[in-house]
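One structure is given here, and the rest of the page talks about it.
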Amino acid sequence: MPDTIIRGAQLIDGSGAPPQHADIAVERDRITAIGDLSGQTAAREIDARGLTAAPGFIDTHAHSDGILLHEPQHAGGLLQGVTTEIITQDGLSYAPLSAQNLASYGRYLAGLLGPPPTDLDMSSIAAMREHYHGKGCNVAVLAPHGPIRLSSVGFRDVPLVGDDLAAAQRLIAESLEQGALGFSTGLSYYPNSYSNTEELVALNETVAAHGGVYVVHVRNHNNDRAPGGTGITEALEIGRRTGVPVHVSHYRTHPTNAGQVAALMEEIDAAKGDGVDVTLETYPYAAPATVPGYFLAGEFHDGGIDALLARLADAELRPRLLESMRTLFPGALQDSAWTWINHPRLRQLEGMAMADAAAQQGLTVEEHVLEVMLESGLACGFRYQSPASVTVTRQIEADVMALLRRPDYTVGSDGIPFTDGMPHPRAYGTFPRVLGRLRRRHPTIPLEHLIRGMTALPAERFHITDRGRLDEGKFADIVLFNPNTITDTASYEDPKAEPAGITHVLVNGQLAVEHAQVTATLAGRAVP
Ligand SMILES: [Zn+2]
């Protein structure tokens with residue numbers, strides 16, 4: 001007898017096929033039957049008339065590495081219908097690192113991942129994956145560039161060559177053999193951006209040989225190290241030279257090129273025409289979020305967190321630091337707000353525009369941001385404001401939907417969830433925002449196509465075994481939602497507000513969300 005039967009749902013199987021009406025039987029952690037199951041009974045019956053059943057969503061870009069260790073339930077993802085998260089993004093994570101490197105690099109990453117883990121073995125991907133069993137959702141990892149470069153050559157702006165390169169390649173090979181799905185980098189972050197294209201080609205030869213995916217936040221630091229000075233050209237060049245499948249992180253239009261989707265994709269489509277294997281992803285908001293170290297050139301990061309903090313405290317260096325803050329991405333700080341600051345006195349600035357906080361203190365915004373970085377020991381994050389013009393915001397959202405209409409786009413929240421503060425709402429609203437609010441504005445995109453980009457496409461791309469499809473024999477990761485009412489409610493003002501219209505979420509056959517409330521179940525696994 002099945003443990004659970006879901007009755008009367010409109011079933012969207014993940015493949016992109018049109019919906020059909022069917023019942024779903026679940027036994028232990030698998031789907032055992034799909035069809036008319038009116039002759040069967042189960043211990044638990046879920047009446048899903050009026051609801052859509054889809055495979056649980058796969059978030060291809062999540063920064064939950066830290067919060068999952070502190071809050072294993074991780075309700076913010078589950079309530080959106082997310083049953084699998086791919087963490088270790090942008091090459092920024094905790095493994096593989098020695099205890100000593102974890103202590104320093106964990107602090108360096110605090111503005112993104114929260115307080116670092118202590119007393120956890122993160123010396124290998126195998127060790128890391130052990131810490132992600134028994135969470136609310138399934139968790140998949142990549143081999144992150146930062147720890148790998150740090151482990152081989154240290155936190156230094158030197159070429160990764162010779163024995164150091166061989167050591168890094170061995171670490172990548174080992175990580176992929178231990179279950180990493182690919183290799184991630186973020187070439188705005190350190191030590192990742194100390195690389196050049198030749199290094200990335202060499203590392204991705206190993207990734208390709210092990211069947212992994214190259215996941216890249218394209219370069220916008222040290223652009224002179226990229227062919228043509230352009231990050232996307234570099235990413236495509238790596239795919240061309242190594243044959244590695246390339247997955248481009250959070251790639252969409254911005255206020256400066258809003259409405260120009262065709263131009264944005266031109267170079268990518270040309271490369272695909274030449275045989276380069278490319279997929280991409282986006283989140284459905286006009287405002288990014290990151291850490292303020294993003295505004296400091298590579299020379300200031302050299303040596304890692306303690307060297308960086310010493311430079312921030314050095315009065316003689318101050319003019320050059322301020323110059324970097326002003327010129328690397330001009331004007332961006334003026335349009336940004338603090339999301340999280342792990343410091344008792346500065347916490348009150350969370351949610352404030354940096355420009356307002358600076359004015360209160362009689363500082364320029366650059367001076368203010370350097371002070372907060374120094375005092376919080378880099379444990380601070382921020383987001384950009386949404387564009388002042390709603391027309392621009394709407395255009396970027398329309399562009400996101402135009403991208404998701406393509407066959408090669410997944411959805412990645414790029415969520416940076418924190419237990420407190422005022423995080424970017426994308427960690428709490430991404431999936432229902434696409435399926436509800438934005439789909440209703442763009443009703444010609446079929447629901448089943450959007451679901452495919454959240455389920456079967458990422459599962460196939462990242463070789464996540466037996467997930468991403470509603471099919472007999474697959475794992476029972478299932479989300480039930482009302483297609484007419486599903487929507488996000490999280491906003492910049494109320495970032496953790498729970499979505500509407502998502503009633504039930506099963507993870508490995510267990511109810512993780514019931515009647516839109518999280519249960520106490522921790523059924524997630526480190527996958528695949
Ligand atoms: Zn990211």
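The values are calculated or read from the model by the stated rules, or taken from the named source; none is laboratory data. Remember, predicted model here, so these are calculated numbers, not experimental data. Cβ: placed from backbone, ideal geometry, glycine included. Neighbour counts: every protein chain shown.
Select from segment 292-322 the residues that are in a loop (DSSP other than H, G, I, E, B) and aliphatic (A, V, I, L, M) and list them in ascending order.
So the first thing to find is which residues in segment 292-322 are in a loop (DSSP other than H, G, I, E, B), and the list is 296-297, 302-304, 313-317.
Those that are in a loop (DSSP other than H, G, I, E, B) and aliphatic (A, V, I, L, M): 296, 297, 313, 315, 317.
Of everything in segment 77-108 that's crowded, with 19+ Cβ neighbours inside 10 Å and without any contact (Cβ under 8 Å) to a residue 40 or more places away in the chain, which residue is nearest to the ligand (Cβ to nearest atom)?
106
Might you let me know whether segment 372-380 holds any residue that is surrounded by 14 or more Cβ atoms within 10 Å (Cβ to Cβ) and touching a Lys or Arg at 6+ places or on another chain (Cβ under 6 Å)?
First pass over segment 372-380, keeping only residues surrounded by 14 or more Cβ atoms within 10 Å (Cβ to Cβ): 372-380.
Narrowing the set further to residues that are touching a Lys or Arg at 6+ places or on another chain (Cβ under 6 Å) leaves none.
No, the conditions are met nowhere in segment 372-380.
Take the residues of segment 109-157 that are assigned to a helix (DSSP H, G or I) and within 16 Å of the ligand (Cβ to nearest atom): which is surrounded by the fewest Cβ atoms within 10 Å (Cβ to Cβ)?
Our first condition is that a residue be assigned to a helix (DSSP H, G or I); within segment 109-157, this holds for 110-113, 125-130, 145-153.
Now restrict to residues that are within 16 Å of the ligand (Cβ to nearest atom): 110-113, 145-147.
Working: 110: 21, 111: 26, 112: 25, 113: 26, 145: 30, 146: 27, 147: 28.
Across segment 109-157, the extreme among qualifying residues is 110.
Filter segment 292-309 down to residues that are farther than 23 Å from residue 251 by Cβ and of a type in the set (A, V, I, L, M, F, W, C) and give me whichever is nearest to the ligand (Cβ to nearest atom).
Within segment 292-309, the match that is nearest to the ligand (Cβ to nearest atom) is 296.
Looking at 68, 102, which one is assigned by TED's automatic domain parsing to the domain that holds residue 203, touching a Lys or Arg at 6+ places or on another chain (Cβ under 7 Å) and under 30 Å from residue 193 (Cα atoms)?
Numbers: 102 fails: touching a Lys or Arg at 6+ places or on another chain (Cβ under 7 Å).
Within the list 68, 102, the selection yields 68.
Restricting attention to segment 21-61, report how many residues are within 16 Å of the ligand (Cβ to nearest atom) and hydroxyl-bearing (Ser, Thr, Tyr).
Of the residues in segment 21-61, 1 are within 16 Å of the ligand (Cβ to nearest atom) and hydroxyl-bearing (Ser, Thr, Tyr).
Going by what's in this entry, would residue 460 be described as closer than 30 Å to residue 246 by Cα, more than 16 Å from the ligand (Cβ to nearest atom) and free of Cβ contacts under 8 Å to residues at least 12 places away in the same chain?
In short, yes.
Against the definition (in contact with a His (Cβ under 7 Å, 6 or more places away or on another chain) and either within 20 Å of residue 420 (Cβ to Cβ) or at pLDDT 95 or above (or both)), how does residue 364 come out, yes or no?
Judged against the criteria, residue 364 is not a match.
Right, residue 72: within 30 Å of residue 482 (Cβ to Cβ), more than 16 Å from the ligand (Cβ to nearest atom) and surrounded by fewer than 19 Cβ atoms within 10 Å (Cβ to Cβ) or not?
Here the answer is yes, as residue 72 does meet what is asked.
Please tell me if residue 14 is touching a residue at least 60 places away in the same chain (Cβ under 8 Å), in a loop (DSSP other than H, G, I, E, B) and closer than 20 Å to residue 139 by Cα.
Yes, satisfied.
Going through segment 502-528 one residue at a time, which ones are over 12 Å from residue 136 (Cα atoms), aliphatic (A, V, I, L, M) and assigned to a strand (DSSP E or B)? Even if it seems obvious, please write down each step before you answer.
Taking segment 502-528 as the starting set, the residues that turn out to be over 12 Å from residue 136 (Cα atoms) are 502-504, 509, 514-517, 527-528.
From the residues that got through so far, the ones that are aliphatic (A, V, I, L, M) too are 502, 516, 527.
Passing the criteria: only 502.
Taking residue 465 and the conditions (1) surrounded by 17 or more Cβ atoms within 10 Å (Cβ to Cβ); (2) in a loop (DSSP other than H, G, I, E, B); (3) under 23 Å from the mean Cα position of the chain (by Cα), which numbered condition does it fall short on, given that it satisfies the others?
With (1) surrounded by 17 or more Cβ atoms within 10 Å (Cβ to Cβ); (2) in a loop (DSSP other than H, G, I, E, B); (3) under 23 Å from the mean Cα position of the chain (by Cα) applied to residue 465, the lone miss is (1).
Can you pull out the residues in segment 48-65 that are more than 22 Å from residue 30 (Cβ to Cβ) and either among the hydroxyl-bearing types (Ser, Thr, Tyr) or surrounded by fewer than 24 Cβ atoms within 10 Å (Cβ to Cβ) (or both)?
49, 50, 60, 64, listed by residue number.
Of these, 13, 36, 3, 23, which one is closer than 30 Å to residue 182 by Cβ, charged (D, E, K, R) and at pLDDT 95 or above?
13
Restricting to segment 472-502, name every residue that is surrounded by fewer than 19 Cβ atoms within 10 Å (Cβ to Cβ), out of contact with any Asp or Glu (no Cβ under 8 Å at 6 or more places or on another chain) and of a type in the set (S, T, N, Q).
Once the filter is applied, which keeps residues that are surrounded by fewer than 19 Cβ atoms within 10 Å (Cβ to Cβ), out of contact with any Asp or Glu (no Cβ under 8 Å at 6 or more places or on another chain) and of a type in the set (S, T, N, Q), segment 472-502 yields 482, 484, 485, 491.
Looking at 445, 451, which one is surrounded by fewer than 18 Cβ atoms within 10 Å (Cβ to Cβ), of a type in the set (A, V, I, L, M, F, W, C) and more than 16 Å from the ligand (Cβ to nearest atom)?
Among 445, 451, only 445 is surrounded by fewer than 18 Cβ atoms within 10 Å (Cβ to Cβ), of a type in the set (A, V, I, L, M, F, W, C) and more than 16 Å from the ligand (Cβ to nearest atom).
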